[in-house]
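K.L.:
Okay, handing you the structure first.
The values are calculated or read from the model by the stated rules, or taken from the named source; none is laboratory data. Everything numeric here is computed off the predicted structure, so don't read it as measured data. So basically every Cβ, Gly included, is an ideal-geometry build from the backbone, and we count neighbours across all protein chains shown. Heavy atoms of the whole protein, side chains included, go into the accessibility calculation; ligands, DNA and RNA do not. Shrake-Rupley method; radii C 1.70, N 1.55, O 1.52, S 1.80 Å.
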Amino acid sequence: MTPTTLLNDQKFLLKLLRDWAERGWLRELDVALARFFADLDPNAAPLLLLGAALTSHQLGRGHVCLDLAATLQDPDAALSLLPEDKAANTATLLPARLLHDISMTTWQDALTASPLLSAANAPLVLAGTRLYLRRYWNYERAVVDRLAALRQTATDTPPHLENHLEQLFADNSAAQKQACATALRHRFAIITGGPGTGKTTTVVRLLALLQTAAVETGRPLAIRLAAPTGKAAARLTESIRAQVDALPVAAAVRANIPREVATVHRLLGALPNTRHFRHDAQNPLPLDVLVIDEASMLSLEMMANLLAALPAAARLILLGDKDQLASVEAGAVLGDLCNVKDARHIAVLTHSHRFGGDSDIGKLARAVNSGQRIEDRGQIFSLRVRDADDEALNSLLREGYAPYLDALNARPESADDTEQWANHVLTAFDQFRLLCALRKGAWGVEAQNRRIVKILFGHEDQGWYAGRPVMVTKNDYSVNLMNGDIGIALDLPEGFCVVFPKNDGAPGLRHLHPSRLGEVETAFAMTVHKSQGSEFAHTALLLPDAPNPALTRELLYTAITRAKTRFSLIESGDGVFEEAVGKRVERYGGLAE
């Protein structure tokens, strides 16, 4: 039988999907969805079931939809295939052969013939050549419609704007001043730029301008600040406090600019064990201005939830780096919005005060971001290793985590000093981090965490032990811990527990017994994706020994810009870094259009 003939056999298609899942090329969830749709419509064409499974699979890879045109052009790219999988496989039928003789019209006709797509509120939506699960189509439309309404809503420019701008930006760059003026003129604004370009400085002065005009009328604005993760919220809280206190404005204005930053989940009021929030279209957030930092980490779903809960007359200001990796979940909201043709509401900051013209980290980040071939990496420490167990890598890891181990071993004799000590251990741990591009395999996070524990502590990474750093991998509302929060297990006077910074940006620590924690993993090494919103004095990036689909320009840029003072690049295979520089993340969706 030819592949085209086989595509007329629903049982064959479902068996093929099962085979792909067993090889790790699809998720069990994707196959289950196709089987569910087959039960709903026994007459559904195999091409529809294939499209549904691949659409579901794309969500797990960050895409909002399945682009049929791109899939027909490169069918095997729709699966999680590694180059070696494709080269070595002869035992199963791959998408490239299966779809070889399928035209766009044939696939679209197969989709539209089923009530799974054609019925009212059907679970699938076809928009041109993009196939969506309806929930994500609804999210995308909701974001588009709400932002369009925001952009069309008139806003008043504060009085004496030029005078106030001159006063507030006397010691700052003209670019920041212009960015502030741009944002003031729109109810929806984006301020984007790399690390150290002054996004926070700009938005603090923007809030001061807005609040000055409001205080003069006797009706101060209700302003809220939020970030996607606890780490990002804590960083913004620290920065905001210092800058607000130094503002050359009336005390009443400073008093009405918030110094606390909440996580987005806490802001919206996440309802445990659901996808819903306390604040929504029926119960909007009680605010006049909302600022979201690290907006590149916002998924399409979260952006839709935020916009649904935003009052009709409120301002929305997004801060973030459009060149960073997009959200772990589906969507690339900030990048898409920064790519729209009408850019009047977007302010781009380019001059980094952290990475100056002579900074090697800055030079490398800028070169990677522009796609340049990098012949001279300056003083960036580049370590060549034979394999993922190289002793040279062990030495780098011992050096990097030495301040953390010193802090861990400097336990105070007095119980009164243990809280300060615990805070010191957490701070020391953030001085260095090993970042990996992958999760699995010798070069991935899981294997590297095991070897780091062996190197530092001399035992296996099993169970709980004093000094174990852990990352929360799933939101746990019962103890108010969010995905990405990091804590460290310590022996304290009250017993063995895990200490976490407060994830609402407030000072102080939280102490939790390990039995109260849900899904956590050891966090000496972490993926580049998980590092977003964090900064480390010294960041080391471990690249695999061969090209991989996960390696992109955005991943390299994000890893490099996590470093404040030192960046180390650890390589084994020739040309892996250079190939990644030449490859960009592509996320399918219709938001930018």
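K.L.:
Considering (1) modelled with pLDDT under 85; (2) buried (at least 19 other Cβ atoms within 10 Å of the Cβ), say which one residue 557 fails and leave the rest.
P.N.:
With respect to (1) modelled with pLDDT under 85; (2) buried (at least 19 other Cβ atoms within 10 Å of the Cβ), residue 557 is out only on (1).
K.L.:
Of the residues in region 246-298, how many are among the β-branched types (Val, Ile, Thr), in contact (Cβ under 8 Å) with a residue 24 or more places away in the chain, in a loop (DSSP other than H, G, I, E, B) and farther than 12 Å from residue 226 by Cβ? Show your work before the answer.
P.N.:
Of region 246-298, the ones among the β-branched types (Val, Ile, Thr) are 249, 253, 257, 261, 263-264, 274, 289, 291-292.
Adding the requirement that they be in contact (Cβ under 8 Å) with a residue 24 or more places away in the chain leaves 249, 253, 257, 261, 263-264, 289, 291-292.
Imposing the further condition that a residue be in a loop (DSSP other than H, G, I, E, B) reduces the set to 249, 257, 261.
Cutting the leftovers down to farther than 12 Å from residue 226 by Cβ gives us 249, 257.
Result for region 246-298: 2.
K.L.:
On the given criteria, is residue 503 at pLDDT below 90, polar (S, T, N, Q) and out of contact with any helix residue (DSSP H, G or I) (no Cβ under 6 Å at 6 or more places or on another chain)?
P.N.:
No, not satisfied.
K.L.:
With respect to residue 51, is the statement that it is assigned to a loop (DSSP other than H, G, I, E, B) and open to solvent by less than 20 Å² (accessible area, probe 1.4 Å) true?
P.N.:
Spelling it out, it is not the case that residue 51 is assigned to a loop (DSSP other than H, G, I, E, B) and open to solvent by less than 20 Å² (accessible area, probe 1.4 Å).
K.L.:
Does residue 533 qualify as being outside any strand (DSSP E or B), without any contact (Cβ under 8 Å) to a residue 40 or more places away in the chain, open to solvent by less than 30 Å² (accessible area, probe 1.4 Å) and not polar (S, T, N, Q)?
P.N.:
no
K.L.:
Out of all the residues in region 19-30, is one or more under 17 Å from residue 134 (Cα atoms), surrounded by fewer than 22 Cβ atoms within 10 Å (Cβ to Cβ) and not basic (Lys, Arg)?
P.N.:
Yes, region 19-30 has at least one match.
K.L.:
Of 313, 309, which residue is farther than 19 Å from residue 543 by Cβ, at pLDDT 85 or above and open to solvent by 50 Å² or more (accessible area, probe 1.4 Å)? Give the steps one after another, and end with the answer.
P.N.:
Details: 309 fails: open to solvent by 50 Å² or more (accessible area, probe 1.4 Å).
Just a single option satisfies the conditions, and that option is 313.
K.L.:
Has region 477-492 got any residue that is of a type in the set (S, T, N, Q), open to solvent by 10 Å² or more (accessible area, probe 1.4 Å), at pLDDT 85 or above and over 19 Å from residue 531 (Cα atoms)?
P.N.:
No - not one qualifying residue is present in region 477-492.
K.L.:
How about region 242-267: which of its residues are polar (S, T, N, Q) and closer than 22 Å to residue 502 by Cα? Explain how you work it out, then say what you get.
P.N.:
Residues of region 242-267 that are polar (S, T, N, Q), as a first pass: 243, 256, 263.
Across region 242-267, the qualifying residues are 243, 263.
So that you can scan it fast, the table gives a plain yes or no per residue for (1) open to solvent by 20 Å² or more (accessible area, probe 1.4 Å); (2) part of a loop (DSSP other than H, G, I, E, B); (3) out of contact with any helix residue (DSSP H, G or I) (no Cβ under 8 Å at 6 or more places or on another chain):
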residue	(1), (2), (3)
382	yes, no, yes
419	yes, no, yes
423	yes, no, yes
446	yes, no, yes
456	yes, no, no
464	yes, yes, no
